[in-house]
Amino acid sequence: MGVFTPDPAPHQIHRVHRAGAGALGGFLIAFGLIGSARAVEFLSTTGPIVMGLSTNGLLATLSLIVGALLGAAAVRGGPMASTVAVTVGGLFLLSGVGNVLVLDSPLNMLAFQLPNVVFSLLVGAALLFVGAYGRFTGSLPANSPYSHAAPERLARAPYVTDGTLERAMAAAERAVAAHSATADQVARVRAASMFRTHEARRQAFASPN
């Protein structure tokens, strides 16, 4: 299992992803429903204030769609919620940056005001944090469902305890040099010799097939 192919089993990290995606999805759905109920113009550059934010018909519709997407991802599971949260978070950041350039202009198709811009930037950053939490990092904990520190083939192989593998490699290499190695030792040493890095040699020795 790795960062893009996570362990599907339930995990605390998955609950964080699902809760974050579900909470924002619920807010956007409520915002979209209230905005739609106000019967505002679809492409108006100005609109009524709903939940502290300006809106129009297009923004209300997009809010419903994105909110439903986040909600569905939260229901589907942690890995899906994480992926969708990161994607939507990036789009929110782009929306905040892009719309601040068209405020008070005919190109303001989403009827943004400054609070909308601030909301987009903050929510985008929050979604990126929630979606990436426990997933995209250089040192994932061993129990992380996204950890790829211990590949399946290495986990199934013998000699995986600390120090045991190195001692077995050294013993096998000595036995090969002394022409007293078993067929298994020869196969493992031959597999390890195909690689240059220590970690690659360890993995090849541990699982030669």
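FYI, it's all coordinate maths here, none of it is from the lab. All of these numbers come straight from a predicted model, not from anything done at the bench. Using ideal geometry, Cβ is built from the backbone for each residue, glycine included, and neighbour counts are taken over all protein chains shown.
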Starting from 0.36 nm per residue, how many nanometres of slack lie between LEU122 and HIS179 once their C-alpha separation is accounted for?
13.8 nm
Residues VAL100 and ALA72, FRET efficiency given R0 of 25 Å [Cβ-Cβ distance, rounded to 0.05]:
0.25
Figure the gain on full extension for THR87 and ARG190 (residue separation times 0.36 nm, minus the Cα-Cα span) and round it to one decimal in nm.
32.6 nm
